[in-house]
Each structure stands twice: as C-alpha cells, then as structure tokens.
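The block underneath contains the structure these notes are about, expressed in structure tokens.
The values are calculated or read from the model by the stated rules, or taken from the named source; none is laboratory data. The structure displayed is predicted, hence computed values, not measured ones. Note: ideal-geometry Cβ built from the backbone for every residue, glycine included; neighbour counts use all protein chains shown. Just the protein is used for accessible areas: all its heavy atoms, side chains included, with ligands, DNA and RNA removed. Shrake-Rupley method; radii C 1.70, N 1.55, O 1.52, S 1.80 Å.
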Amino acid sequence: MAFGIGDAIKIKGAWDRFTRNHPKFPMFLNAVRAKGVPVDTVLGLTVEYPNGEKLATNIKITEQDLELFEEISKLGK
C-alpha cells in the first residue's frame, strides 16, 4: 500500500481538527513526551460507551515498542 503526499495532507487536516476538538489531548502527549516513556512503563486505555459499558486494557512498554515509537516519530519530521 503506497502512502503519498495527498494522504499525509489528509491525515494532517484530520489531526488538526481532532486537536481543535480535544485540545487537552496534545498537551497530555507533550507532557508524556517531555517526561519520557522508559521500558516497563505501563500504558492504559479505557473506552467508556454511552450505555456505561467499559472496555479497558494496558500494556507494559518493551524495548521493541520504544524502537517502533522512534520510527513512527521520524515519519512526522
């Protein structure tokens, strides 16, 4: 699957809209980035549906995860 400049522009526009709608989320990401995410950090995610049902999970960060995060961060530069 090819990823072109048009795709990047669409993603950038969608991200801009998302951050306008949820301004605290990028601030949270920036705070996490500033503090760092060392190996063995636990990331948790909870989804709460309108009916009150919740799904939750967490992952413990590995060295391989950090390598993936580094590669992803290079894409944005």
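Observations, loosely collected:
- Remark: the chain carries 91 Å² of accessible area per residue (probe radius 1.4 Å; ligands, DNA and RNA excluded).
- Remark: the Cα gyration tensor places the chain in the oblate category, a/c being 1.5 or greater and a/b not exceeding b/c.
- Label-to-label distance, nm, for residues given as Val39 and Glu71 (7 Å Cα→Cβ offset): 1.8
- Cross-link partners of Lys12 among lysines (Cα-Cα below 28 Å; sequence separation of 8 or more within a chain): Lys24, Lys35, Lys74, Lys77
- Contour excess over end-to-end distance, with Cα ends at Asn21 and Glu53 and 0.36 nm allotted per residue: 9.2 nm
- Solvent-accessible surface ranking, highest first, for Leu75, Leu55, Leu66 at 1.4 angstrom: Leu75, Leu55, Leu66
- Pair-distance distribution P(r) for the stretch 1-44, from all Cα-Cα distances in 10 Å bins starting at 0: 23, 32, 33, 11 percent.
- Shown here for the stretch 32-77: GluC sites (Glu not before Pro) in loop regions (DSSP other than H, G, I, E, B) with at most 14 other Cβ atoms within 10 Å, namely Glu53.
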